[in-house]
Amino acid sequence: MKAPKTLFPVLLIALMTVSCVTGKRYNSLTDRNLMLMSERDSLKAENIWLTMSNRELTARSRQLTEDTGKLSADLEKSRTELTLARDEVNRLSTRYDELQRAQTELAAGRAQETQRLLAELRQAQTELKQREDLMRDLEMNLDTKKATLEELTYELEKRNARLAELEKMLDAQQKAVKALKDKVSDALFGFENNGLTVSMKNGQVYVSMDDKLLFKTGSYEIDANGRTALRKLGALLERNPDITITIEGHTDDVPYRAAAGQQILDNWDLSVKRATTVVRVLTQDTHINPKRLVASGRSEYMPVDPAKTVDARQKNRRTEIILTPDLTALYRILESY
């Protein structure tokens, strides 16, 4: 379910008012996150495209190799035939010279034989020229094929190197995210499957906490158990300063009804306040740079289960801490190509 477009300006003002992170900083980090996700998707798409191109170039290279072999065989055959033809021409020329010498003495009786030999000689010369032309064409075609083959081989080597580099970078990114997930799981050992899950998605690590672990219904005050989990996570994040931290508050689709004395306006307001409360706990006893943190409220509009059931609404009431490893080095490598 999407919020009406006319609510976005008002909601944006509310977000900027209650959040400890300015709208400008939030937009900057969000844009950066989207840019990195786009780069990762581009890498994957380019990886697929290069793999397909590699297969096509390999097939073309194999075909050109076969054609080159056939042309080489045809050229060798033509050379053999040309040698035989030249020998035949030499034989006929010798024979012709002999006939010329005998023509004076046997002009009347040998005239017909002489004409026949002359015709054979002309025919042999014509065939010889045709075979020489064919051999030149074959040699030119062979040279062209060889040049094309060398060009394709060079291009194939370049693309293979590019593909290997991309696969290496993607593998490094995947390993970095996996290592981060393992660290988070170790730090939160005992909380997983007890209202907390750690997962990998879109090149990021997601720490999802049910509201029953952190908050009471309709409240944004964290209880002791949730505070303990957040402090363990905060200590880990303090030791890993290159990780960007985004906290998202999520509610179910039941309209919020404020209790007496509460200043919460609606689900948007509640989701933002829960996100900023988590930020405060993470930074309370640590030296985490506040510039690394982004707090945002998603209200009811990003459910994990859209069903209108008690269990589905329970799943949707959650706080997600999204951890993004620093991919600046990877991005610089991409810019260098």
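When D253, D242 are screened for being in a loop (DSSP other than H, G, I, E, B) and under 30 Å from T309 (Cβ atoms), only D253 passes.
In the set (1) closer than 19 Å to L188 by Cβ; (2) without any contact (Cβ under 8 Å) to a residue 40 or more places away in the chain; (3) under 36 Å from the mean Cα position of the chain (by Cα), the condition left unmet by S271 is number (1). Taken over the range 89-138, the criterion of being basic (K, R), at pLDDT 85 or above and surrounded by 14 or more Cβ atoms within 10 Å (Cβ to Cβ) is satisfied by R131 alone.
Pairing residues of the range 178-198 that are more than 17 Å from P325 (Cα to Cα) and crowded, with 17+ Cβ neighbours inside 10 Å with residues that are modelled with pLDDT of 90 or more and β-branched (V, I, T), at Cβ distances under 8 Å and at least 6 apart in sequence or on separate chains, gives L188/V198; L188/V207; L196/V207; T197/V207.
Only one of the listed residues (E39, E46) is surrounded by 12 or more Cβ atoms within 10 Å (Cβ to Cβ), in a helix (DSSP H, G or I) and at pLDDT below 85. That residue is E39. Residues that are in contact with a helix residue (DSSP H, G or I) (Cβ under 7 Å, 6 or more places away or on another chain) and more than 24 Å from P303 (Cα to Cα) are absent from the range 210-217.
The values are calculated or read from the model by the stated rules, or taken from the named source; none is laboratory data. All figures in this text were calculated on a predicted structure; none of them were measured in a lab. Using ideal geometry, Cβ is built from the backbone for each residue, glycine included, and neighbour counts are taken over all protein chains shown.
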